[in-house]
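**Q** Right, I'll just put the structure down here and ask away after.
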Amino acid sequence: GLVTPKLIVADWTLPGEHPWQLTNVDIRKLYESDAAVEDDGVPFVTASPGRAMATGGTTGKPKLVVQNVTMAYNDLGLQGWSAMSGQEANLRQLVPGSIYHTLYNSSLYIGLFMGHTIYLMMKFNPDLALELIGKYQIQCGGFVPTMLDRMMLAPNFHTVDLSSLTAIFHAGGACAPIIKKTWIERIGAEKIYEFYAMTEMIGSTTIRGDEWLLHEGSVGKPVGCSIRICSE
């Protein structure tokens, strides 16, 4: 409703005739056909802008935010993501939220570039999230503070095996100190990352748990931007 796409790939069929839609059925027909496919010399191209996210913000009415950046696919971009999220290559990543949200969309797709095995939850449930971490020895993932709050209040928070976690990050809202401290005590300060950013990709800040303990309440230092404080 916000933009007429050149191509949409979806499991569901849009009403009416849409020549620019491909369904699973269409893709299978193409895959199973005998048509010749030329795959030599295909150039490597990344989209710029990288994506356009539809967000309601606080109004409830969606607006289209065109993110004029490419997805992190090269060494420099992946190093920047690692510094913000603590994620490294070839990990098992839990994605607990919807991928129409910038946080989970970034974590999932950049994770694929890093060779991650992705465990994608259909819907967030705190008990199930903890169970999945223990069962599949999840190593990394991103959460909003509300998720961390619900997980730490779950009955199995103190009994499930979380030793496989090497890095989790939180973003998307302010994190109450009690939530941060509880998770620091549970898995270790050096494994918890926070970044402060926005869908418009104007800039961001990041801080690790051990740095946060020295500057409680801080959201860290700027990444790819400069910061000017205008008032208290």
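The values are calculated or read from the model by the stated rules, or taken from the named source; none is laboratory data. A quick note: this is a predicted structure, and the numbers were derived from the prediction, not measured. Cβ: placed from backbone, ideal geometry, glycine included. Neighbour counts: every protein chain shown. When the accessible area is computed, the model is the full protein with side chains, heavy atoms only, and any ligands, DNA or RNA have been set aside. Shrake-Rupley method; radii C 1.70, N 1.55, O 1.52, S 1.80 Å.
**Q** Quick one: angle between helix 177-187 and the longest Cα principal axis of the chain, in degrees between 0 and 90, rounded to 10, please.
**A** 80 degrees
**Q** Under 1.5 on a/c is rounded, so check that first for segment 20-96, then, if it is not, pick prolate when a/b is larger than b/c and oblate when it is not; a ≥ b ≥ c are the square roots of the alpha carbon gyration tensor eigenvalues.
**A** oblate
**Q** If you don't mind, there's one more thing I want to ask. Using the Kirkwood radius over Cα pairs, work out the Stokes-Einstein diffusion coefficient for segment 121-232 at 25 °C and 0.890 mPa s, in µm²/s as a whole number.
**A** 165 µm²/s
**Q** Leaving out ligands and nucleic acids, note down the accessible area per residue over the chain with a 1.4 angstrom probe, in whole Å².
**A** Roughly 63 Å² per residue, with all protein chains present.
**Q** I'd like the FRET efficiency for Ile202 and Trp12, computed as 1/(1 + (r/R0)^6) with the beta carbon distance as r and R0 of 35 Å, rounded to 0.05.
**A** Here the calculated transfer efficiency is 0.55.
**Q** Return a whole-number percent for the relative contact order of segment 1-113, with Cα pairs under 8 Å and 6 or more residues apart as the contact set.
**A** 16 percent
**Q** Compute the acute angle (0 to 90°) between the alpha-carbon long axis of helix 102-113 and the principal axis of greatest extent of the alpha-carbon atoms of the chain; round to the nearest 10°.
**A** 70 degrees
**Q** Counting only helical runs of four or more DSSP H residues, what would the 222 nm mean residue ellipticity of the chain come to if each run contributes -39,500 (n - 2.57) and the total is spread over all its residues?
**A** -8500 deg cm²/dmol
**Q** Let me ask something additional. Given 37 °C and 0.692 mPa s, how large is the Stokes-Einstein diffusion coefficient of segment 153-212 in µm²/s, with Rh as the Kirkwood radius over Cα pairs?
**A** 259 µm²/s
**Q** Hey, another quick one. Take the Cα coordinates of segment 90-179, assign each an equal point scatterer, and use the Debye formula without solvent to give log10 I(q)/I(0) at q = 0.10, 0.12, 0.14, 0.21 Å⁻¹.
**A** Reported log10 I(q)/I(0), two decimals: -0.22, -0.33, -0.45, -1.04.
**Q** What is the Rg over Rh value, at two decimals, for segment 53-110, using alpha-carbon atoms and the Kirkwood definition of Rh?
**A** 1.02
**Q** Over the Cα atoms of the chain, Rg to Rh with Kirkwood Rh, two decimal places?
**A** 1.01
**Q** Also: Would you mind calculating the relative contact order of segment 117-232 from Cα pairs under 8 angstrom and at least 6 residues apart, reporting the percent as a whole number?
**A** Relative contact order here is 19 percent.
**Q** Please compute P(r) over all alpha-carbon pairs of segment 39-159, binned at 10 Å starting from zero, and give each bin as a whole-number percent.
**A** With a bin width of 10 Å, the distribution comes to 12, 36, 33, 15, 3, 0.
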